[in-house]
Amino acid sequence: MLRTPSTGLLTSNVSWEDVEKVVDAKYHGAAAFGPKKRISPLGLGIGLQSLLGVVDPDWKTNGKITLPSNFALKIASPVVMLQVMMSEAAKLPPELTAQMSSVVDEFVSFLTPCHNSEMFFYEFFENCAKRCEIVPRYHFGTKLTEDNQSRAFLAVEMIENAKSGTIVQSLTDVQMEQVLKSLARMQAAFVDAPDDVIQKAPHQGLSGVYNTIKDFILVLNNRASSSLLPPELASLTRKL
């Protein structure tokens, strides 16, 4: 998997050709990007396991077909998080710094179930008999596999007037209530899902992703997170 910035879209290894290939399969050759296609970064400094951008595709179509005027493209990438981790690792004792290579390998391995679970989530809701309107529409995507370790992405509906935030951002009571209600509605949608569908999920619960993280990596993560927190919380996070 790509671990340093590259020359593709949003400094990833994904090219326009990679996305256009999936678009061609999705729309059976009836749609393609035009010469004025472009992608603009979205949420810089927020994503830690992905790169996010808004695509204006300049569609060229054959026949009548309904297409989104734009969409959000989320590229699976550990580059930003690895940069943060290595920056913090420089402050660690030498005996711990020496372990960073194996730690990086472990972290990168977490990205596959995370990205593939996200695709599973969007595909599930897109195929529900009654759509959950709070979930952005899913357009297309590719999974991380043994044969595809650095060109995975998904395209979803671009939600206008939405506010991006970090995982350590403080929320108001009203915002927290909105989040909890949305989570409840999404979880309720899975209640009646048949077992054969649920069993297709790439991992079962967070323990399948995070159960091997070393203690000193949690410390490193907290140090990195403390630089993003409001001052009144930063010192508490460093102590944690």
Simple spin-label estimate for residue 163 and residue 134 in nanometres, 7 Å along Cα-Cβ | 1.7 nm
Step through the table entries 64/163; 74/200; 36/130, compare each Cα-Cα distance with 31 Å, and write down the pairs that go over it.
-> 64/163; 36/130
Alpha carbon Rg of the range 20-108, scaled by the compact-globule rule 2.2 N^0.38 Å = 1.61
Mind checking the full-extension length gain between residue 175 and residue 149? Use 0.36 nm per residue of separation minus the Cα-Cα distance, one decimal, nm.
-> 5.8 nm
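Every read-out reported here was derived from the displayed coordinates using simple, explicitly stated rules and does not represent laboratory data. Just so we're clear, the structure is a prediction, and the values are computed from it rather than from any experiment. No Cβ is skipped: glycine too gets one built from the backbone with ideal geometry, and neighbour counts run over all protein chains shown.
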